[in-house]
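For reference, the structure is listed below as structure tokens.
Coordinate-derived values only; no laboratory data. If you're wondering where the values come from, they're calculated on a predicted model, not measured in any experiment. Cβ coordinates were reconstructed from backbone atoms using ideal geometry, including for glycine residues, and neighbour counts include every protein chain displayed.
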Amino acid sequence: MISDDVIESITISDEADKDETTALFPADTGELTLETRRAIVQLLTGPFISGSKHSRLWSILLRDEKIIQSRLSELFLTLVIDLDQRVAFTKKAEAPGIDMPSLLRRSQLTFIDSALILHLRRQLAQADAGNERAVISTNDILEHLSMYEKESNTDKSGHMKRAKASIEKLKKSSILHLIRNTKDRFEISPTLKLLFSAAEIAALTLLYKKIIAGEETSLLVKENDSTIDIFAEDGEDHD
């Protein structure tokens, strides 16, 4: 029969081992390992964890998915994982009648930003259909965005400046990845497919078709002031 003293000794020993493996700094009461914490931080700082870019964190995420989701839930966040695309990110949780605070940064998009994202989303779908990488150049982007410039616009340089600013914004949010050894060619992140529902894509496509056809002009009146808050969270990329 095991005495109470032995049981107490085993319990203390187990707790000591736990503190030794999880405590990372003085007064650290956390229960997660260093690697699991890194995965959570990457999800919070974002914009995502990629199986190709963050191979180690991706493995940790899959291993500890349940506990990571539990910790995120306490912050009013849900975990989205796409095994086919090998990407994961967080979204603000939603519940009827509850006003939930948000830790995530949001990127409020200008009209040109939205037009570019819609174009990239279509390019990504076409590349997927052909089982190819979704690659696009700066010139391709600028040519496409020129469709949204008003014919009466005399500020050509202003439109070009806004278009280039949109490219920079999507680079910083890791939607566009500069291809090595190139200066103006990018790969479109597959995460973009997860940020928009089919209904959102259909609605935006219809709106922008009307704009090109001249049937809708409200968003073109003050192009640099108009905003469409449809983008998900953004942030700097960390490994």
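Amide H to amide H, with H built 1.01 Å from N, LEU77 comes under 5 Å of ALA93, counting only residues 5 or more places away or on other chains.
Neighbour counts of C-beta atoms inside 10 Å place ARG185, ARG122, ARG180 in the sequence ARG180, ARG122, ARG185, starting with the fewest. Rounded to the nearest 0.05, the FRET efficiency derived from the C-beta distance between LEU44 and ARG180 at R0 = 25 Å is 0.35.
Working note: Karplus 6.51/-1.76/1.60 with θ = phi - 60° gives the stretch 58-65 the couplings 4, 5, 5, 4, 5, 5, 10, 3 Hz, where Gly and Pro are set to x.
Calculate the FRET efficiency for MET160 and VAL135 from the Cβ-Cβ distance with a Förster distance of 22 Å, rounded to the nearest 0.05. Efficiency, rounded to the nearest 0.05: 0.50.
Taking 0.36 nm per residue of sequence separation and removing the Cα-Cα distance, the SER55/GLN69 pair yields an extension gain of 3.1 nm. Computed about its Cα centre, the charge dipole of the stretch 20-120 is approximately 260 debye, with only Lys, Arg, Asp and Glu carrying charge at their Cβ.
Coupling constants for the stretch 115-131 follow from the phi torsions by the Karplus curve (6.51 cos²θ - 1.76 cosθ + 1.60, θ = phi - 60°), and in residue order they are 4, 5, 4, 4, 5, 5, 5, 5, 4, 5, 5, 5, 5, 4, 4, x, 6 Hz; glycine and proline get x.
Between LYS91 and ALA125, the contour length at 0.36 nm per residue exceeds the Cα-Cα span by 10.0 nm.
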